[in-house]
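Just below is one structure, and these are the notes that go with it.
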Amino acid sequence: MAIKKISLIVPCYNEGATLPELVQQVSKNLDPLDVDWKLILINDGSKDNTGEVIERLATENESVQGILFSRNFGKESAMLAGLKYATGDAAIIMDADLQHPPEILPKLIQTMDETGADQVVARRNRKGDSWLRSTLSRFYYWFSNKMVEDIELVDGSGDFRILSWRAVDTLLALDERSRFSKGLFSWIGYPTVYIEYENRQRVHGESAWSFRSLFNYGLDGVISFNAKPLRVVAGFGAVIFGLSLIYFLWLIINWAFYGVETPGYITTIAAIIAFSGIQLLALGVIGEYVGRIYSEVKQRPHYVVWKEVGF
């Protein structure tokens, strides 16, 4: 069935300078198509004038709609809100910084029409990225796929994609608090097609993703989908216990043949530090899971909407 109506979901955090150009580019690429489109801009508690810009754009353009959060709840919550407010035959998720090129939008829609896939993913190449960034990204995807059992993360594939309404409904049925959309997109298991586009740099401003936030996001991806890290820690503990037992037996044999020796200070300190570190590591991994259980049990809403415009 041909796509006749579509919603574009755009999480926004400090993107006030970029949004007018984004609306212009989206309109330029979608207006020639026989598609009724709505652009849903979600202000995720921005510290600049993003909220005011969204309200103005929604007043000036009937195709623009806005959701303004009461504070910053994170990109995952913003995407979830967009999916809940979306209408039509399909939904597109994209970033506001124009690193997801709007000229790809017609190809996403056309590919879904031609293939009947439930997801068409725009996968960026790594041209223009530094060697260090590319290497770290490849390592992250390799490590995540080794640690995660139920899904496979494809290098270069992010949130920029078109989803069928069946895929949207399935994603909305997954009501967990610690959301990792890259994994959820893969977990639902519907037919997926990939198209590639050239890597782009931001048009305005700087990315809100620091190294710390990227690390935490990657940690969510590993922990959100399986208990394998717990098994890794348990296995690591078993290995250490086995080595300790071998060392203990060696001490007994050494005592039987050579008598009692004065214990080494460095050996004692090294052993204490090593075992303390292992215990803290194990507690940290367990704590991550306990913290997520705590968040799920509270059942707080994913976000709080302060204002809606253009609906």
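The values are calculated or read from the model by the stated rules, or taken from the named source; none is laboratory data. No experiment lies behind these values; they were computed from the predicted model shown. When we count neighbours, we look across all protein chains shown, and the Cβ atoms used for this are built from the backbone with ideal geometry, even at glycine.
Summary table below
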| read-out | value |
| --- | --- |
| Candidate set: segment 151-193, residues that are modelled with pLDDT of 85 or more and aromatic (Phe, Trp, Tyr); chosen: the one farthest from Lys107 (Cα to Cα) | Trp187 |
| Subset tally (residues that are surrounded by 13 or more Cβ atoms within 10 Å (Cβ to Cβ), among the aromatic types (Phe, Trp, Tyr) and outside any loop (DSSP other than H, G, I, E, B)) for segment 276-311 | 2 |
| Verdict on Ile92 being under 26 Å from Asn14 (Cβ atoms) and either small (Gly, Ala, Ser) or surrounded by 21 or more Cβ atoms within 10 Å (Cβ to Cβ) (or both) | yes |
